[in-house]
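Working notes, structure below.
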Amino acid sequence: MLAGKRNLLLLNGKEWKYYQSSLKSALYHQARADPTLLQRITVQTTRTLVKNIQTKINNIQTKINMSTSGRPDQIYCPAIDEYMKMITQDVFGLVAFSHHFGCCANLKLSYFAKAFESIENDILDRCQRNTLLPQNLIYSIPTKRNKMFLDNRRYLRSFLKDIIHNRLDKQGAGNGTLKCDILDKLIETHAAKQQQHEDQKNEEDLVDIVLSVLLAGYDTVTITLTYAVFLVSRHLHWEERCLKEIRQCNSSFDDVHNLLDKVEYPLCRAVILETLRLYPVATALSRSLEKPLKLGVDNCDGDSSQTSPVMIPEKCHVGISVWSIHRSEKHFPKPLEFRPDRWVRFCSTTQQWTQRTIQCEQEDCSIPVGDLNSFLAFSSGARSCPGQSFAIEEASLAFAVLIDGLKFVLDPNYEPEMEWRVIVQKPKGGIPAWISVRN
């Protein structure tokens, strides 16, 4: 497995709590040390991508795959998720360990990104195949596929281990500079926990944690951005409202001084939440019960229409369908409609969008407020994703910069075909679109 023995997605018990708390502490202290770091990096990275695409469009393209009906002021992209991957990789590299992959600057994925994606696709593919076949389980069998997997895995882990090793060497020599990235904070909290528990954790453990974060966040942000662009292109009135909000809040993404203070886009954030509701990347969750669980309530009224409660014994493995819950009329009225106003409302006094809460339900709203207790895109409870706020902020800001600078036009007859791989879904083959410069 790519993330090694300390993969947070697979650990349980005390070991999981140990490493999970290290990551949570690192994310918390990084956010406190530099509250606008993620904002600055996401906006500047996405803006670099947008500018390069705009340049590509404005230079009368001769090397672009354009149809006969295409116009010189737009380019055809067969899969817009490729651009989303570039944003996600660059942001992760800079925020996590201050490394610039340069994907957005070069408009192509780095070798690191390609190796990571190759391994991820290979793992998901093996999970779908017959797991009883030795070649799908034993990586030491000398096949071409196994060799590619192990070469990519060795490269990724060596790349991250070198970064961690250099950072530890500089700090040990007393000449390290405070970078305020996740790795710095992770090293600090990791060292504190080592002293507290008198454990000798090594660099491999830190590599496992960093790869766990990448595994959890890469698909989430990439696929969510792809679907968000698709949805607003289908609902242009919401796109126009988002553009109005963006231009009210920020005069220019090019002005770095505008990024020194925290900027929020409630409607863009609501678009991301609604996208995650309709198209959750992880479509199912699972839990191992540590104690018996009672589902349902006792029928005290003798109502024969009510089902009796069910008791599930401890140590059972329970599956939860996120897809079904998110598209349930019971939890989200009009579940198949794209309604960002589940999460925000427009205040006529301030002429701004604000977050909706249960307390504002006495106001006249055309749809009930979104039920956050039933929103499971990042799981729920103790094992919920510690990077939830990180992912939502990154996706919201990247989405705002993308639609502010570029216009995505889809074929009106196009409908995405979902590709299901184990519990993860994404649009098969990416989503094709014509891209032009936003006026």
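The values are calculated or read from the model by the stated rules, or taken from the named source; none is laboratory data. All values derive from a computational prediction rather than experimental measurement. Positions of Cβ are backbone-derived with ideal geometry, glycine not excepted, and every protein chain shown enters the neighbour counts. The protein model used for the area step is the full one, side chains on, heavy atoms only, and it has no ligands, DNA or RNA in it. Shrake-Rupley method; radii C 1.70, N 1.55, O 1.52, S 1.80 Å.
Going by the conditions given, is Ala391 open to solvent by less than 30 Å² (accessible area, probe 1.4 Å), over 21 Å from the mean Cα position of the chain (by Cα) and of a type outside the set (Asp, Glu)? The answer is no for Ala391. The residues on offer are Gln74, Gln44, and the sole one that is at pLDDT 80 or above, open to solvent by 70 Å² or more (accessible area, probe 1.4 Å) and either closer than 21 Å to Ile223 by Cα or over 18 Å from the mean Cα position of the chain (by Cα) (or both) is Gln44. Scanning region 218-266 for residues that are aromatic (Phe, Trp, Tyr) and at pLDDT below 90 gives Tyr218, Phe253.
For region 177-188, a tally of residues being surrounded by fewer than 19 Cβ atoms within 10 Å (Cβ to Cβ) and either modelled with pLDDT of 65 or more or not in a loop (DSSP other than H, G, I, E, B) (or both) returns 2. Out of the residues in region 311-331 meeting the condition of being within 28 Å of Gly370 (Cα to Cα) and in a strand (DSSP E or B), tell me which one is least open to solvent (accessible area, probe 1.4 Å). Looking at the filtered set, the residue picked out is Val318. Just one of the listed residues (Leu23, Leu37) is surrounded by fewer than 20 Cβ atoms within 10 Å (Cβ to Cβ) and either of a type in the set (A, V, I, L, M, F, W, C) or at pLDDT 85 or above (or both), and it is Leu37.
For Ile57, which of the numbered conditions (1) modelled with pLDDT of 80 or more; (2) closer than 30 Å to Phe390 by Cα; (3) open to solvent by less than 10 Å² (accessible area, probe 1.4 Å) fails to hold? Failed condition: (2).
If you go through region 100-125 and keep only what is touching a residue at least 60 places away in the same chain (Cβ under 8 Å) and aliphatic (A, V, I, L, M), you end up with Ile119, Ile123, Leu124.
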